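Asker: Sharing a structure here in structure tokens format.
The values are calculated or read from the model by the stated rules, or taken from the named source; none is laboratory data. These numbers were taken from a predicted model, which means no experiment stands behind them. Note: ideal-geometry Cβ built from the backbone for every residue, glycine included; neighbour counts use all protein chains shown.
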Number of protein chains: 2
Amino acid sequence: MGAPPGYRPSAWVHLLHQLPRADFQLRPVPSGFAPQEQEYQQALLLVVALAGLGLGLSLIFIAVYLIRFCCCRPPEPPGAKSPPPGGGCVTWSCIAALLVGCAGIGIGFYGNSETSDGVSQLSSALLHANHTLTAIDHLVLEMVERLEEAVRTELTTLEEVLTQRTELVAATRGARRQAEAVAQQLQGLAFWQGVPLSPLQVAEDVSFVEEYRWLAYVLLLLLELLVCLFTLLGLAKQSKWLVIVMTVVSLLVLVLSWGSMGLEAAAAVGLSDFCSSPDTYILNLTREETGLGSDILSYYFLCNQAVSNPFQQRLTLSQRALANIHSQLQGLEREAVPQFPSAQKLLLSLEETLNVTEGNFHQLVALLHCRGLHKDYGAALRGLCEDALEGLLFLLLFSLLSAGALATALCSLPRAWALFPPRNPSASCSGSHLSEPFLHARLEPVPHLRSFPSCRRRPH
Amino acid sequence: MGAPPGYRPSAWVHLLHQLPRADFQLRPVPSGFAPQEQEYQQALLLVVALAGLGLGLSLIFIAVYLIRFCCCRPPEPPGAKSPPPGGGCVTWSCIAALLVGCAGIGIGFYGNSETSDGVSQLSSALLHANHTLTAIDHLVLEMVERLEEAVRTELTTLEEVLTQRTELVAATRGARRQAEAVAQQLQGLAFWQGVPLSPLQVAEDVSFVEEYRWLAYVLLLLLELLVCLFTLLGLAKQSKWLVIVMTVVSLLVLVLSWGSMGLEAAAAVGLSDFCSSPDTYILNLTREETGLGSDILSYYFLCNQAVSNPFQQRLTLSQRALANIHSQLQGLEREAVPQFPSAQKLLLSLEETLNVTEGNFHQLVALLHCRGLHKDYGAALRGLCEDALEGLLFLLLFSLLSAGALATALCSLPRAWALFPPRNPSASCSGSHLSEPFLHARLEPVPHLRSFPSCRRRPH
């Protein structure tokens, strides 16, 4: 049929589609896409709940770690010169976690833009399909009006002019009947007229939701970036209050990360189910929404040699009728013009109308052919099931990395700030670090310019 | 005409297109895309040369800075306790530069993937266009063969069967003539037959080049990432040899960054000139390469109401001839079958052939219509002029950031490593930092766990 190579589910779709699903009673749920069924909804909610479980576990782990750190430290003699071991390592692990978080943020920005690309591909395909569908309606309307106008004016006048010769009047009436038949056949081709579903509206809704999703992710990513940068600044400046504020904000971002991870995982699982065999679901949904026959919908959604063009009959009949009108007009021109010169102008005008109608007819054939609309369908599926799903997986990776990095940072930050030397505001202003008795007690000679934390082993 | 909304030059294209261009004698060059003209080539080479100038200036700046730092340091009293001021700031500025470099690498990865997306969109549009063009050829061939087969077998046999009635033989001969006329008209529609240009070949060439471009950028980005990470490691571990090696590699990457910047800037400028009005250039190029008439090329590349379908005449004639064959077969069925029952099977077979040919004819009309191929053209242009250009600009930003970051790092690294305390291997092994006399001389009491470089002002 000359249909372009269509959409094929990617490896990610297969992989995610093969994961087992279960409802709240942990009974297995089939992985066919059925968002209206309660079992399937429960399976997706269970995926979100898994992220909630992860959040709970990581919060418990952080709490246990910090309680153990606060309460079970070995007692330190008050004047001890040796600091608790591993101080540099705490700072370093914190920095490494924050760098991993920054890498995750980069991945998140990429994933967010990829998802946005996929969704905008979907909505541009919908807009294009809408353009084709409205173009069909307009073209049919225009052709029908043109034919009816020709029947009302030129053909009626022609009958009046040729009224003396009955066989010519009969030929004119034949042409008139054919023109009316073509107009009637054409009206049946405007299949989208009166259909309550507007792809334009769907595209606008999708773009609207996507805009807010995109914005929410950009804000989350920027928030996490600010947390990483300000925490690094706090560690560099040894500013206790900044580190404490950032620890609290990190906790908030950790919750947000796990929450977004749950949503992404559920969306990815649902999308993979949809994308593994989208045709049936979309066909049923469109049939319900539009009330169109399944022959038309199968033709456009499948567009292969097995499905014949449902408009073939009407197109062939119209085409034959147009050719008949043409030969009748040719006959009239031969027979009538020598006797009735006033008919020539009318016949020329009718042939002009016929030529334009035939040109429009070819355009209508091109618009009605499944190639164009099926290509839009393929582009929409590729946008949703390739780009958007890939973007979602990158966002999932971002959430994972950021949850891990923030959990590590939350474990290390309180230890790191506990190791900061307390500062005297006046000392900080004058630039001297040596005016605190407590500080003197904890000092040891260290190369001044070894100004980077080190993980080398120290003597105990 | 119902053509979909096409390609429109973006703001970036307009902006880059408006930049002044000059040849080697600095005479202004018009900014129309003309890659075969020497003046225009010189203008692009001048853009590359500007990047070379930037590289030279930055190398001179680094050399002057380092020479000034080495030779013009204020003399330091040998036993001074105060270290040279700003030591922490040097390390910090180095770290900040490397972080900016890392951000640039993220941007570079994004730009590289965006460019790759754009180019793959271009080559998939070319593949799709190739599919359409070959489908037209195959369909025409199939229809012509089917008609010729019908003329050779069924119509010839029919003539033999009906040989007793001359008026029926005449009608059969009429149908035969019409079928031959249709076959001849159809052969004129396979306009791509024998054209030496293959979009498939172009797509393969583009993909081949793009693969290597992508790989080269990924390697450059990974090299720069490794430089950043190992330099940070070197600073953290205070490993002089690692920092020295990384300084040398940084110099190499600096040269590569400026080189890639020149290529990207020239490519972006050339692409913007191409993208500001691609139709004329592409039309001329395709006319030269294919030898096709400008009516056909204008129809596909412009696809608006001003350009009429160059196949309209042939299509209308074929359509009328097919309708005539149909009415002649109907007449024969009415007249001949009662007298010659053996003709019925032949007539049914001919009508079947006619129906299939009419179905194929509608498909041919759809394939020949400019909508499909013009959409591919628009997709190719959007891929090249939106995604690929945007990616190029991101790569340009990466090169700029990385050149700036590496220049800063190259200025700071030698100062930073000059400030590292010399290490005694045994001291390093035992973990003690205090076994070196030189070290003792430079020590000052500092809070031990202030283990991060600080930029606070110090008393002089």
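Asker: What's the number of the condition B:LEU384 fails, among (1) away from chain A (no Cβ under 14 Å); (2) more than 13 Å from the chain's Cα centre (by Cα); (3) buried (at least 21 other Cβ atoms within 10 Å of the Cβ); (4) not acidic (Asp, Glu)?
Answerer: (2)
Asker: Given (1) over 22 Å from A:ALA51 (Cβ atoms); (2) under 23 Å from the mean Cα position of the chain (by Cα), where does A:PHE230 come up short, assuming only one miss?
Answerer: Status for A:PHE230: all satisfied but (2).
Asker: Just one of A:THR91, A:THR115 is crowded, with 23+ Cβ neighbours inside 10 Å, under 30 Å from A:GLY391 (Cβ atoms) and in contact (Cβ under 8 Å) with a residue 24 or more places away in the chain; which is it?
Answerer: Among A:THR91, A:THR115, only A:THR115 is crowded, with 23+ Cβ neighbours inside 10 Å, under 30 Å from A:GLY391 (Cβ atoms) and in contact (Cβ under 8 Å) with a residue 24 or more places away in the chain.
Asker: Just to be sure, is B:ALA306 under 26 Å from the mean Cα position of the chain (by Cα) and either surrounded by fewer than 15 Cβ atoms within 10 Å (Cβ to Cβ) or part of a helix (DSSP H, G or I) (or both)?
Answerer: It is false that B:ALA306 is under 26 Å from the mean Cα position of the chain (by Cα) and either surrounded by fewer than 15 Cβ atoms within 10 Å (Cβ to Cβ) or part of a helix (DSSP H, G or I) (or both).
Asker: Can you tell me which residue among B:ALA203, B:ALA216 is within 14 Å of chain A (Cβ to nearest Cβ) and among the small types (Gly, Ala, Ser)?
Answerer: B:ALA203
Asker: A further question on this structure: Restricting to the range B:23-53, and then to whatever is touching a helix residue (DSSP H, G or I) at 6+ places or on another chain (Cβ under 6 Å) and small (Gly, Ala, Ser), can you tell me which residue is modelled with the lowest pLDDT?
Answerer: The residue in question is B:SER31.
Asker: Determine which single condition A:VAL269 fails, assuming it passes every other condition in (1) within 14 Å of another protein chain (Cβ to nearest Cβ); (2) in contact with a Leu (Cβ under 7 Å, 6 or more places away or on another chain); (3) not acidic (Asp, Glu).
Answerer: (1)
Asker: Is it fair to say A:VAL169 is within 30 Å of A:GLU352 (Cα to Cα), more than 10 Å from chain B (Cβ to nearest Cβ), crowded, with 18+ Cβ neighbours inside 10 Å and of a type in the set (Val, Ile, Thr)?
Answerer: no
Asker: Would you be able to tell me the number of residues in the range B:382-412 that are within 19 Å of A:ASP376 (Cβ to Cβ) and at pLDDT 95 or above?
Answerer: Qualifying residue count, the range B:382-412: 0.
Asker: Scan the range A:118-161 for residues that are farther than 30 Å from A:TRP192 by Cα and touching a Phe, Trp or Tyr at 6+ places or on another chain (Cβ under 6 Å) and jot them down.
Answerer: Scanning the range A:118-161 gives a single hit, A:VAL161.
Asker: Same structure, new question: Of all residues being in contact (Cβ under 8 Å) with a residue 12 or more places away in the chain and of a type in the set (S, T, N, Q) in the range A:1-37, which is farthest from the other protein chains (Cβ to nearest Cβ)? Just the residue, please.
Answerer: Filtering the range A:1-37 for residues that are in contact (Cβ under 8 Å) with a residue 12 or more places away in the chain and of a type in the set (S, T, N, Q), the one farthest from the other protein chains (Cβ to nearest Cβ) comes out as A:SER31.
Asker: Could you grab me the full set of residues in the range A:57-72 that are within 26 Å of A:ALA265 (Cβ to Cβ) and touching a helix residue (DSSP H, G or I) at 6+ places or on another chain (Cβ under 9 Å)?
Answerer: A:SER58, A:LEU59, A:PHE61, A:ILE62, A:TYR65
Asker: Inspect the range A:274-283 for any residue being aliphatic (A, V, I, L, M), outside any helix (DSSP H, G or I) and either away from chain B (no Cβ under 14 Å) or without any contact (Cβ under 8 Å) to a residue 60 or more places away in the chain (or both) and give the result as yes or no.
Answerer: no
Asker: Within the range B:336-372, count every residue that is away from chain A (no Cβ under 11 Å) and closer than 15 Å to B:VAL140 by Cα.
Answerer: Result for the range B:336-372: 1.
Asker: Here is a further query. Which residue pairs have Cβ atoms under 7 Å apart, sit 6 or more places apart or on different chains, and have a first residue in the range A:125-144 that is facing chain B (nearest Cβ under 10 Å) and within 19 Å of A:TYR377 (Cβ to Cβ) and a second that is aliphatic (A, V, I, L, M) and not in a helix (DSSP H, G or I)?
Answerer: Partner pairs satisfying both residue conditions: A:ILE136/A:ALA190.
Asker: With A:ALA236, A:ALA179, A:ALA203 as the choices, which residue is under 16 Å from the mean Cα position of the chain (by Cα) and either aliphatic (A, V, I, L, M) or assigned to a helix (DSSP H, G or I) (or both)?
Answerer: A:ALA203
Asker: Follow-up question, since we're still on this one. For the range B:338-355, what are the residues that are in contact with a helix residue (DSSP H, G or I) (Cβ under 7 Å, 6 or more places away or on another chain) and loosely packed, with under 15 Cβ neighbours inside 10 Å?
Answerer: The one that is in contact with a helix residue (DSSP H, G or I) (Cβ under 7 Å, 6 or more places away or on another chain) and loosely packed, with under 15 Cβ neighbours inside 10 Å: B:SER342.
Asker: Does B:ALA96 satisfy the condition of being at pLDDT 90 or above and either surrounded by 19 or more Cβ atoms within 10 Å (Cβ to Cβ) or part of a helix (DSSP H, G or I) (or both)?
Answerer: When the stated conditions are applied, B:ALA96 does not pass them.
Asker: Right, something else. Would you pick out the residues in the range B:309-335 that are of a type outside the set (A, V, I, L, M), within 14 Å of another protein chain (Cβ to nearest Cβ), in contact (Cβ under 8 Å) with a residue 24 or more places away in the chain and surrounded by fewer than 17 Cβ atoms within 10 Å (Cβ to Cβ)?
Answerer: Result: B:GLY331, single match.
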